[in-house]
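The values are calculated or read from the model by the stated rules, or taken from the named source; none is laboratory data. Everything numeric here is computed off the predicted structure, so don't read it as measured data. All Cβ positions, glycine included, derive from the backbone under ideal geometry; neighbour counts span all protein chains shown.
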Amino acid sequence: MTKIAIIIGSTRPGRLGASVAEWVRGIASRRSDAEFELVDIADFDLPLLDEPLPPSLGQYAHEHTKVWAAKIAPFDGFIFVAPEYNHGISGALKNAIDYLSAEWHDKAAGFVSYGGVGGARAVEHLRVVLAELMVATVRAQVMLSLFTDFKDMSEFAPDPRHEKEVDQMLDQLVSWAGALRTVRAAS
């Protein structure tokens, strides 16, 4: 069975990502073609990248890195639930991504973003970062506006049209994640 992580990409107190991720998981749970699991980067207490060697060597010195690597490695794909902070992704999400290398390789990713302009620029940033890590990103994405999909910019209340967008993103993601398993098996 294809395994997809729904990664909550913010650790900020009062963050909106957890409610968005739960909504995505609810929609995803209706499917029978993949398993979906919430992964909250806040649960891993990753300090600013403190590994003495580059992650591309896969020689992790710290226990927190080994635990993070063990969590990410089994997944075939990822849904990044990403806020937009200053035209990019959160520092916590970038840090969590930077900790690892091979654990991301030859897997697929989709995006559910939120912000003043739907988090579009955060996804642009993520696509560039993930390309370097050999993650194939799907075209379909979900962009949630702080002005129309959140009451008072704090309570998540998505427009119903976004549910179809989630399904489209999931269709592409599950397909690509399954196909990339053959690439990983060959290497």
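Restricting to the range 156-177, name every residue that is in contact (Cβ under 8 Å) with a residue 60 or more places away in the chain and over 17 Å from the mean Cα position of the chain (by Cα). Write out each step before concluding.
Initially, the range 156-177 is screened for residues in contact (Cβ under 8 Å) with a residue 60 or more places away in the chain, giving 156, 158, 163, 166-167, 169-170, 172-174, 176-177.
Listed by number, the residues that qualify are PHE156, PRO158, GLU163.
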For the range 1-51, the count of residues that are in contact with a His (Cβ under 9 Å, 6 or more places away or on another chain) and within 23 Å of HIS105 (Cβ to Cβ) equals 4
Of these, ALA61, ALA21, which one is free of Cβ contacts under 8 Å to residues at least 12 places away in the same chain, aliphatic (A, V, I, L, M) and farther than 27 Å from THR182 by Cβ?
ALA61
Residue list for the range 110-139, filter: within 14 Å of the chain's Cα centre (by Cα), surrounded by fewer than 24 Cβ atoms within 10 Å (Cβ to Cβ) and outside any helix (DSSP H, G or I)
LEU133, VAL135, ALA136, THR137, VAL138
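Regarding GLY91, is this residue in contact (Cβ under 8 Å) with a residue 12 or more places away in the chain and closer than 20 Å to ILE41 by Cα? Break it down stepwise before answering.
Details: in contact (Cβ under 8 Å) with a residue 12 or more places away in the chain: no; closer than 20 Å to ILE41 by Cα: yes.
No, not satisfied.
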For the range 99-115: of the residues being touching a Pro at 6+ places or on another chain (Cβ under 7 Å) and not hydroxyl-bearing (Ser, Thr, Tyr), which is farthest from VAL166 (Cα to Cα)?
LEU100
Out of all the residues in the range 103-116, which are over 17 Å from GLY77 (Cα atoms) and modelled with pLDDT of 95 or more?
TYR114, GLY115
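From the list VAL117, VAL112, VAL138, which one is within 18 Å of SER90 (Cβ to Cβ) and in contact with a helix residue (DSSP H, G or I) (Cβ under 8 Å, 6 or more places away or on another chain)?
Just one listed residue meets the conditions, VAL112.
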